[in-house]
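Colleague: I'd like to ask you about the structure that follows.
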Amino acid sequence: MPPTITLEETKFQQEVNLGRVLLVEDEELIRETITFALMEEGYEVIVAEDGRKGLELVGKSPSRDLLSSDGLQFDLIILDLMLPYVNGLDLCRLVRHEGNSIPILMLSAKGTETDRVVGLEVGADDYLTKPFGMRELIARCRALLRRHRHSQLQTPDSALRFHDIVLYPQECRVTVRGEEINLSPKEFRILELFMSHPRRVWSRDQLIERIWGPDFMGDSKTVDVHIRWLREKLELDPSRPEYLLTVRGFGYRFG
Ligand code: CA
C-alpha cells in the first residue's frame with residue numbers, strides 16, 4: 001500500500017506553473033522561506049520535512065518508478081544535506097540508483113569542499129551552502145531546469161533510429177541492439193548520411209564526395225572497404241546484410 005501522505009497540507013500551487021519542485025528541508029523557517037520564494041516565481045512546491053517523507057514522495061519504494069505515491073512527477077528536487085531519518089546524500093544516491101535523472105540541488109549548512117564534492121559525487125547537479133539568498137537559489141533552480149529540459153529535448157529528438165540501430169549525432173555514438181559500438185569517424189559519418197536518408201541509393205562517387213570530399217585522390221574501392229567494416233559492426237550476419245544493402249550497378253542504400 002502506498003504511504004499515507006496528506007498532500008493537501010503540503011501542496012501549494014500558483015496559476016503560472018513553471019515546474020513542480022520537491023523541497024526536502026527539516027528547518028521550518030528555511031522551508032517556508034524557500035517555498036514562498038519559489039511560489040512567487042511560479043513554481044509548484046511540495047515539501048517534505050524529513051528524508052523519509054522525501055523518499056516516499058519521490059516514490060523510492062521497490063515497485064514504483066519515478067512517480068510519487070500520488071502519481072506526482074517532479075521537475076526538480078531541492079535537498080537539504082542534514083535531515084532526520086534519511087540524510088540528503090543517501091536520498092540523492094537512492095534516487096539516482098533508480099535511474100532517475102531529475103535535477104537535484106543540494107543545500108548544506110556545512111560549506112567544506114569535501115561536502116560539495118561528495119554531494120556532486122552521489123549525483124547532485126548543483127550545491128548551495130547556507131546561508132544563501134533567495135535570488136541565488138532561484139537562479140540556480142532556473143538554470144538546472146533549463147539545462148535538464150534542454151537535454152531532454154535534444155537527445156530523443158535528434159537521435160536517428162532504424163530498427164535497433166540508434167545514432168546520436170551530437171554525442172558521436174551509435175548503439176546496435178542496445179550495445180554501444182565503436183566506429184571510426186569515417187564510418188560514423190557514412191552511417192549518419194545513410195540513416196539521414198533511409199532507402200536512398202548512393203553511388204560510390206557520391207559517397208566519396210560527401211564523406212571524403214572532392215579532393216580525395218584514392219580509389220572508389222575505399223568505399224567498399226568502409227561499407228564492409230560497417231557491416232561487420234552493424235549486421236548480425238555481415239555476409240547477408242539487412243541494413244547496408246548493395247544495389248547492383250548503382251551503389252549502396254540503407255534499409
Ligand atoms: Ca537540515
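The values are calculated or read from the model by the stated rules, or taken from the named source; none is laboratory data. Note that the structure is a prediction, hence the values are computed from the model and not measured. Using ideal geometry, Cβ is built from the backbone for each residue, glycine included, and neighbour counts are taken over all protein chains shown. The accessibility values were calculated without ligands, DNA or RNA, using every heavy atom of the protein model including side chains. Shrake-Rupley method; radii C 1.70, N 1.55, O 1.52, S 1.80 Å.
Colleague: Answer yes or no as to whether Glu136 is over 30 Å from Ile30 (Cα atoms) and free of Cβ contacts under 8 Å to residues at least 40 places away in the same chain.
Modeller: Numbers: over 30 Å from Ile30 (Cα atoms): no; free of Cβ contacts under 8 Å to residues at least 40 places away in the same chain: yes.
So Glu136 does not fit the description; no.
Colleague: Scan the stretch 167-185 residue by residue and report those that are open to solvent by less than 70 Å² (accessible area, probe 1.4 Å) and either more than 20 Å from Leu236 (Cβ to Cβ) or in contact with a Pro (Cβ under 6 Å, 6 or more places away or on another chain) (or both).
Modeller: Scanning the stretch 167-185 gives Tyr168, Pro169, Arg173, Ser184.
Colleague: Filter the stretch 133-154 down to the residues that are open to solvent by 40 Å² or more (accessible area, probe 1.4 Å) and either on the phi > 0 side of the Ramachandran plot or within 16 Å of the ligand (Cβ to nearest atom) (or both) and list them by number.
Modeller: Listed by number, the list is empty, since nothing qualifies.
Colleague: Quick check on the stretch 28-43: of everything there that is open to solvent by 60 Å² or more (accessible area, probe 1.4 Å), free of Cβ contacts under 8 Å to residues at least 60 places away in the same chain and within 30 Å of the chain's Cα centre (by Cα), which residue is nearest to the ligand (Cβ to nearest atom)?
Modeller: Checking each candidate, the answer is Phe36.
Colleague: Can you tell me which residue among Phe194, Phe188 is crowded, with 16+ Cβ neighbours inside 10 Å, assigned to a helix (DSSP H, G or I), of a type in the set (Phe, Trp, Tyr) and in contact with a strand residue (DSSP E or B) (Cβ under 6 Å, 6 or more places away or on another chain)? Break it down stepwise before answering.
Modeller: Values: Phe188 fails: in contact with a strand residue (DSSP E or B) (Cβ under 6 Å, 6 or more places away or on another chain).
So the residue among Phe194, Phe188 that is crowded, with 16+ Cβ neighbours inside 10 Å, assigned to a helix (DSSP H, G or I), of a type in the set (Phe, Trp, Tyr) and in contact with a strand residue (DSSP E or B) (Cβ under 6 Å, 6 or more places away or on another chain) is Phe194.
Colleague: Scan the stretch 111-147 residue by residue and report those that are in contact with a strand residue (DSSP E or B) (Cβ under 9 Å, 6 or more places away or on another chain) and within 21 Å of Glu40 (Cβ to Cβ).
Modeller: Answer for the stretch 111-147, where residues must be in contact with a strand residue (DSSP E or B) (Cβ under 9 Å, 6 or more places away or on another chain) and within 21 Å of Glu40 (Cβ to Cβ): Asp126, Leu128, Lys130, Phe132, Glu136, Leu137, Arg140, Cys141, Ala143, Leu144, Leu145.
Colleague: Scan the stretch 108-145 for residues that are among the aliphatic types (A, V, I, L, M), within 22 Å of the chain's Cα centre (by Cα) and part of a loop (DSSP other than H, G, I, E, B) and jot them down.
Modeller: Matches in the stretch 108-145: Val122, Ala124.
Colleague: Still on this structure: Can you pull out the residues in the stretch 44-59 that are in a loop (DSSP other than H, G, I, E, B) and buried (at least 21 other Cβ atoms within 10 Å of the Cβ)?
Modeller: Val58, Gly59
Colleague: Separate question: List the number of the failed condition for Leu83; all other conditions in (1) in contact with a Pro (Cβ under 9 Å, 6 or more places away or on another chain); (2) without any contact (Cβ under 8 Å) to a residue 60 or more places away in the chain hold.
Modeller: All conditions pass for Leu83, except number (1).
Colleague: Could I ask something else about it? Looking at the stretch 220-240, which of the residues that are in contact with a helix residue (DSSP H, G or I) (Cβ under 9 Å, 6 or more places away or on another chain) and either closer than 18 Å to Glu192 by Cβ or in a strand (DSSP E or B) (or both) is most open to solvent (accessible area, probe 1.4 Å)?
Modeller: Across the stretch 220-240, the extreme among qualifying residues is Trp229.
Colleague: Considering only the stretch 5-27, how many residues are open to solvent by 80 Å² or more (accessible area, probe 1.4 Å), modelled with pLDDT of 90 or more and farther than 17 Å from Leu81 by Cβ?
Modeller: 0
Colleague: Name the residues in the stretch 83-103 that are at pLDDT 90 or above and either more than 13 Å from Leu55 (Cβ to Cβ) or in contact with a His (Cβ under 6 Å, 6 or more places away or on another chain) (or both), would you? Before you say what the answer is, go through the steps one by one.
Modeller: So in the stretch 83-103, the residues at pLDDT 90 or above come out as 83-92, 103.
Answer for the stretch 83-103, where residues must be at pLDDT 90 or above and either more than 13 Å from Leu55 (Cβ to Cβ) or in contact with a His (Cβ under 6 Å, 6 or more places away or on another chain) (or both): just Pro103.
Colleague: Also: Specify the residue that is modelled with the lowest pLDDT; the eligible residues are those in the stretch 104-116 that are within 16 Å of the ligand (Cβ to nearest atom) and among the hydroxyl-bearing types (Ser, Thr, Tyr).
Modeller: Going through the qualifying residues, I end up with Thr112.
Colleague: Among the charged types (D, E, K, R) and open to solvent by 50 Å² or more (accessible area, probe 1.4 Å): does that describe Asp205? I'd like the intermediate steps shown before the answer.
Modeller: Numbers: among the charged types (D, E, K, R): yes; open to solvent by 50 Å² or more (accessible area, probe 1.4 Å): yes.
Here the answer is yes, as Asp205 does meet what is asked.
Colleague: Would you please list the contacts, defined by Cβ atoms under 8 Å and residues six or more apart or on different chains, that run from a residue in the stretch 88-100 that is farther than 9 Å from Gly123 by Cβ to a residue that is within 16 Å of the ligand (Cβ to nearest atom) and open to solvent by 60 Å² or more (accessible area, probe 1.4 Å)?
Modeller: Partner pairs satisfying both residue conditions: Gly88/Met82.
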